[in-house]
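As structure tokens, the structure follows; a few thoughts come after it.
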Amino acid sequence: MTIGEQPAYLRVASDLRKKIVDGQLPPHTRLPSQARIREEYGVSDTVALEARKVLMAEGLVEGRSGSGTYVRERPVPRRVARSGFRPERGATPFRQEQADTSVHGTWESSSEQTEAGAAIAERLGLEPGDRVMRTKYLFREAGEAVMLSTSWEPLALTGRTPVMLPEEGPLGGMGVVERMRAIDVIVDNVTEEVGARPGLAEELALLGGVPGHVVLVIQRTYFASGRPVETADVVIPADRYRVAYHLPVK
């Protein structure tokens, strides 16, 4: 193989991918069998198998037990709108995560006290092992799972206050800005970093994905006078959603 030449399995996967994208292999069509791929492209069984694995990892095809491999229905990506920091009163967790005011969603949540691992401690300016409140959310829109979020708040800040539990108490269900204001902590900045990675098995099970699917991960942190007061990981299926930012111009 010369420098820059693709391995055979990638060349086969590329041709099959093109047929899927161009509609020559429409959704729910059975992918050519391993034997058919071997004969059509003049490759070995190993190459044919690896090409199919590539398409499965990309989410273009799916295996059906006892039936074969089929082209998946390609979802039309929808927007998850996000905005710059907006100190609105009454912001709910779903509104906090989904800035598009036309969207109405529900969420499920659970909170527990735990110790901050090294990564979360660094994001919150704590020492590893310091106590934090961890809250896990599953957001739905029209019954469909849209995103996951896990947030961490330092109990040194919120412990023994009315806002210690994000979903309980007088401000239960409100956003970070509103809750922190109630304990005289004024949030004045928020940062978000967006990355991508393969979804974890438990994430994909909740979001309706298949192994190998990629998720977008938004790492968000709220600050009050430079002090981190909450950090969260927001997980969104990359094949179904696009993250759109609306940032204020000053």
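The values are calculated or read from the model by the stated rules, or taken from the named source; none is laboratory data. In this text, all values refer to a predicted model and were calculated from it rather than measured experimentally. Every residue, glycine among them, receives a Cβ derived from its backbone with ideal geometry; neighbour counts consider all protein chains shown. These accessible areas exclude ligands, DNA and RNA; they are computed on the full protein's heavy atoms, side chains included. Shrake-Rupley method; radii C 1.70, N 1.55, O 1.52, S 1.80 Å.
So the check is Cβ under 8 Å with 6+ separation or different chains; which pairs have a first residue in segment 28-48 that's surrounded by fewer than 18 Cβ atoms within 10 Å (Cβ to Cβ) and a second one that's assigned to a loop (DSSP other than H, G, I, E, B)?
Listed by first residue and then by second, the contacts come to 28/73; 30/67; 40/32.
Identify the single condition in (1) open to solvent by 60 Å² or more (accessible area, probe 1.4 Å); (2) part of a loop (DSSP other than H, G, I, E, B) that residue 136 does not satisfy, given that it satisfies every other one.
Here residue 136 meets the rest and fails (2).
Quick one: which strands (runs of 3 or more DSSP E) lie wholly within segment 207-250 and hold at least 2 residues that are open to solvent by 20 Å² or more (accessible area, probe 1.4 Å) and out of contact with any Ser or Thr (no Cβ under 7 Å at 6 or more places or on another chain)? Lay out the reasoning, then the answer.
Values: elements: 214-224, 227-237, 241-246.
Of the strands (runs of 3 or more DSSP E) lying wholly inside segment 207-250, those with at least 2 residues that are open to solvent by 20 Å² or more (accessible area, probe 1.4 Å) and out of contact with any Ser or Thr (no Cβ under 7 Å at 6 or more places or on another chain) span 214-224, 241-246.
State which residue is most open to solvent (accessible area, probe 1.4 Å) when the search covers only segment 49-73 and only residues that are touching a residue at least 60 places away in the same chain (Cβ under 8 Å) and touching a helix residue (DSSP H, G or I) at 6+ places or on another chain (Cβ under 9 Å).
Here is the first cut: in segment 49-73, the residues touching a residue at least 60 places away in the same chain (Cβ under 8 Å) are 56-59, 62.
Next, from what is left, pick out any that are touching a helix residue (DSSP H, G or I) at 6+ places or on another chain (Cβ under 9 Å): 58, 62.
Numbers: 58: 87, 62: 60 Å².
Selected residue: 58.
Yes or no: residue 43 among the β-branched types (Val, Ile, Thr), at pLDDT 90 or above, in contact with a Phe, Trp or Tyr (Cβ under 8 Å, 6 or more places away or on another chain) and in a helix (DSSP H, G or I)?
Numbers: among the β-branched types (Val, Ile, Thr): yes; at pLDDT 90 or above: yes; in contact with a Phe, Trp or Tyr (Cβ under 8 Å, 6 or more places away or on another chain): yes; in a helix (DSSP H, G or I): no.
When the stated conditions are applied, residue 43 does not pass them.
Considering only segment 141-156, I want to know if a residue exists there that is closer than 30 Å to residue 59 by Cα, modelled with pLDDT of 95 or more, out of contact with any helix residue (DSSP H, G or I) (no Cβ under 9 Å at 6 or more places or on another chain) and not acidic (Asp, Glu).
Scanning segment 141-156 turns up at least one residue that is closer than 30 Å to residue 59 by Cα, modelled with pLDDT of 95 or more, out of contact with any helix residue (DSSP H, G or I) (no Cβ under 9 Å at 6 or more places or on another chain) and not acidic (Asp, Glu).
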